[in-house]
Amino acid sequence: ITGREQPSSRVQRREQRLHARIEQLQQDVDEIDAFLDELDDSQLRQIIHCHYILGYNWVKTANEVGGGNSEDAVKKRVYRYFARTSA
């Protein structure tokens with residue numbers, strides 16, 4: 001094919017980008033796991049895991065955590081934690 005890239009070259013480049021992305025995502029997961037492991041508060045760890053890792057909305061997170069926690073309660077707990085640690 002003149003003036004055009006061979007299809008196999010495009011596939012190889014896409015595979016390389018995909019593998020690089022997978023590697024980056026694995027590093028991100030490892031960092032998140034390390035962060036969660038450092039949290040002493042198991043309930044806060046569960047809230048963060050449900051909301052940010054599993055992608056639950058705040059209502060589902062509160063239901064998963066249980067203990068009579070409301071959507072606002074779990075949300076405020078996380079926001080307060082991040083406000084304290086980022087200050």
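Name every residue in the stretch 23-53 that is open to solvent by 90 Å² or more (accessible area, probe 1.4 Å) and β-branched (Val, Ile, Thr), in order of residue number.
Within the stretch 23-53, the subset open to solvent by 90 Å² or more (accessible area, probe 1.4 Å) is 23, 26, 31, 37-38, 40, 52.
Of everything in the stretch 23-53, nothing turns out to be open to solvent by 90 Å² or more (accessible area, probe 1.4 Å) and β-branched (Val, Ile, Thr).
For every residue, the table says whether it meets (1) charged (D, E, K, R); (2) over 14 Å from the mean Cα position of the chain (by Cα).
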site	(1), (2)
Ser8	no, yes
Leu18	no, yes
Glu31	yes, no
Ser42	no, yes
Ile47	no, no
Trp58	no, yes
Gly68	no, yes
Val74	no, yes
Arg84	yes, yes
### Task
Go through the stretch 54-74 and count every residue that is surrounded by 14 or more Cβ atoms within 10 Å (Cβ to Cβ) and of a type in the set (Gly, Ala, Ser).
2
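Per-residue answers, yes or no, for (1) without any contact (Cβ under 8 Å) to a residue 12 or more places away in the chain; (2) over 30 Å from Arg80 (Cβ atoms):
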residue	(1), (2)
Arg10	yes, yes
Glu23	yes, yes
Val29	yes, no
Ile47	no, no
Cys50	no, no
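The values are calculated or read from the model by the stated rules, or taken from the named source; none is laboratory data. No experiment lies behind these values; they were computed from the predicted model shown. With ideal geometry, Cβ positions are generated from the backbone for all residues, glycine too; neighbour counts draw on all protein chains shown. Areas reflect the complete protein model, heavy atoms only, side chains present, ligands, DNA and RNA absent. Shrake-Rupley method; radii C 1.70, N 1.55, O 1.52, S 1.80 Å.
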